[in-house]
1. In region 81-99, which residues are at negative phi and at pLDDT below 95?
2. Counting only residues that are open to solvent by 10 Å² or more (accessible area, probe 1.4 Å) and more than 14 Å from the ligand (Cβ to nearest atom), which one in region 201-226 is farthest from the chain's Cα centre (by Cα)?
3. Sort through Ser56, Ser20 and tell me the only one that's small (Gly, Ala, Ser), more than 14 Å from the ligand (Cβ to nearest atom) and under 25 Å from Gln153 (Cα atoms).
4. Could you check region 110-126 and list, in sequence order, the residues that are buried (at least 18 other Cβ atoms within 10 Å of the Cβ) and within 29 Å of Arg24 (Cβ to Cβ)?
5. Those residues that are among the small types (Gly, Ala, Ser), without any contact (Cβ under 8 Å) to a residue 40 or more places away in the chain and more than 14 Å from the ligand (Cβ to nearest atom), I need them from region 166-184; list them, please.
6. Assigned by TED's automatic domain parsing to the domain that holds Val254 and at pLDDT below 95 - does that describe any residue in region 194-203?
7. Out of Thr259, Thr231, Thr244, I need the residue that is within 16 Å of the ligand (Cβ to nearest atom) and polar (S, T, N, Q). Which one?
8. Would you call Asn187 of a type in the set (S, T, N, Q) and either modelled with pLDDT under 95 or near the ligand (Cβ under 8 Å from one of its atoms) (or both)?
Amino acid sequence: MTRTVYVNGTYMPEHEATISIFDRGFLMGDGVYEVTSVLDGKLVDFEGHAVRLERSLNELDMAHPVTKDDLLAIHRELVRVNEIETGLVYLQVTRGSDGDRDFVYPSADTKPTLVLFTQSKPGLVDAPSAKTGIKVISVADERWGRRDIKTVQLLYPAMGKMMAKAAGADDAWMVEDGYVTEGTSNNAYIVKGNTIITRALSNDILHGITRAAVLRFAAEAQMQVEERNFTVDEVKAADEAFITSATMFVTPVVEIDGTAVGTGAPGSVAARLRDIYIDESRKAAI
Ligand code: PDD
């Protein structure tokens, strides 16, 4: 089946979709994105992603291409026509193009570019990594300073993933001033005793939608949560570690820089949070 994608108001087969070579997303990374997962053909936490998108656009003085209701309708239509049961919807907004290259933003009436497409991922819920856990390495965080804005400037995270791959690991946790910021495309956590520890929100990390949900569920399940910085040495001495993101849900981390975390096997806190997260997300999906 040919995938149907959405480009600036039109649904079309993916091979017909085109964007200007002058688009600022292409020339300057001048764009933002969201990834919303799909379970049972429904959108997980659409509201959270829509609100974060609005915030990213506002922080960059970028025009909002469509209303939130229209955005929901586009997501749902793509899920329907592409018959996505389990997978995700990728959305990107760029500042568009006024037909040339210039560092200065184009005039305010320049139309933003809006692109959405789906990815079918049947194995998302039963991913092998949920059972085996993943291995991470630590790398210096060399990204820009506004990581709270979900921009498409993903070259350093892509380099981080390649560094991990070269080291025989699955992902990289980035470190700045001695403390872990986050994973290349996920938020990072450790568990010590009964306490879940994760970095507090600031411009240093992306404000994960999965993070917000998981911390809420953890509190509801009477688990202790501490939002503070932690070091790689603390990860090595932790009982458990895990990551969260829209596509990995809650996934255990069993090794960092070649050292086993806890027993070296996925821990019970991550497993419990993953189950709760998937159950609750299924119930609330729209
Ligand atoms: N990445 N931190 C970073 C740097 C991320 O890129 C992501 C998400 C997260 C987790 O955010 P959320 O829970 O809202 O997915 C944290 C997406 C999944 C991606 O780039 O594909």
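The values are calculated or read from the model by the stated rules, or taken from the named source; none is laboratory data. Please read these numbers as outputs of a predicted model, since none were measured by experiment. Reconstructed Cβ throughout: ideal geometry from the backbone, glycine too, with neighbour counts over all protein chains shown. Only protein heavy atoms, including side chains, enter the accessible area calculation; ligands, DNA and RNA are left aside. Shrake-Rupley method; radii C 1.70, N 1.55, O 1.52, S 1.80 Å.
1. Within region 81-99, the first condition is being at negative phi, and the residues that meet it are 81-82, 84-86, 88-95, 97-98.
Those that are at negative phi and at pLDDT below 95: Ser97, Asp98.
2. The extreme case among them is Gln222.
3. Numbers: Ser56 fails: more than 14 Å from the ligand (Cβ to nearest atom).
Matching residue, one of Ser56, Ser20: Ser20.
4. Of everything in region 110-126, those that are buried (at least 18 other Cβ atoms within 10 Å of the Cβ) and within 29 Å of Arg24 (Cβ to Cβ) turn out to be Pro112, Thr113, Leu114, Val115, Leu116, Phe117, Thr118.
5. Across region 166-184, the qualifying residues are Ala166, Ala167, Gly168.
6. There is at least one residue in region 194-203 that is assigned by TED's automatic domain parsing to the domain that holds Val254 and at pLDDT below 95.
7. On inspection, the qualifying residue turns out to be Thr244.
8. Numbers: of a type in the set (S, T, N, Q): yes; either modelled with pLDDT under 95 or near the ligand (Cβ under 8 Å from one of its atoms) (or both): yes.
Yes; evaluated as a whole, the condition is true for this residue.
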